[in-house]
Amino acid sequence: MGKRGKKRKFSDVWATQTQLGNMFNLSAKEIGQKLNELELRTYSADQHKYIPTQRAINDGFCTSTPLKHGIPFYMWQREKVSLLLQEKFQMVPLSDTDIEHRETALYLIETEKEADEGYDKMYYLFFDTISPEDLPPIIAWSLIEARKNADPVYQRLVDGIAVEDFAIINYQLERLGSSIRLRSNSSAAPTEQSDAPT
């Protein structure tokens, strides 16, 4: 008798709007706008919030998973929505490794903020858990995310990068489609490169 296929966990199939955005390096708000454009989500004047369309629910793009007190909460079918985003907007999902590096970078930024508030020991313990080969892409993601949020951690993050690491981090930034580039001069400040072809 053959082995049965392993049953997938609910969280492997369904994602929150934030998790869905993470798959494409978008915020929950940005992915919400894409869902609106795909007519999978609409504004309900009665509920004063965005909700999935009937089509999204009927076609299996979305499911309701009510919270404890019956408050509606919606999850999105990862594969179906991802394929539709790729088809309609030519969006390319991040690799699992890039998603992991981005999540680590976001955690690093949050940990840096907490270090400013007196959680220094946790910050250094966190840094000790990152493998050296994962550090350049995680730093690249940290730069992108900190810059997105106009985070004061951004300049401290840049100042903490050794000049000899600029090339590999710039490579990761380019690979991730970011126009941020580190340059080696006395200020070691980041520079924006034009996205226009030269």
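What number of residues within the stretch 47-86 satisfy the criterion of being small (G, A, S) and surrounded by 12 or more Cβ atoms within 10 Å (Cβ to Cβ)?
Step one: list which residues in the stretch 47-86 are small (G, A, S), which gives 56, 60, 64, 70, 82.
Checking which are surrounded by 12 or more Cβ atoms within 10 Å (Cβ to Cβ) leaves us with 56, 82.
Qualifying residue count for the region: 2.
Checking each residue in the stretch 167-176 for being of a type outside the set (V, I, T) and either buried (at least 18 other Cβ atoms within 10 Å of the Cβ) or touching a His at 6+ places or on another chain (Cβ under 8 Å) (or both) picks out N170, Q172, L173, L176.
Mind listing whichever residues of the stretch 99-153 are of a type in the set (K, R) and either modelled with pLDDT under 65 or outside any helix (DSSP H, G or I) (or both)? Full working, then the answer.
So in the stretch 99-153, the residues of a type in the set (K, R) come out as 102, 113, 121, 147-148.
K121, the sole residue that qualifies.
The values are calculated or read from the model by the stated rules, or taken from the named source; none is laboratory data. This one's a predicted model, so the numbers in the text were calculated from it and none came from an experiment. Cβ coordinates were reconstructed from backbone atoms using ideal geometry, including for glycine residues, and neighbour counts include every protein chain displayed.
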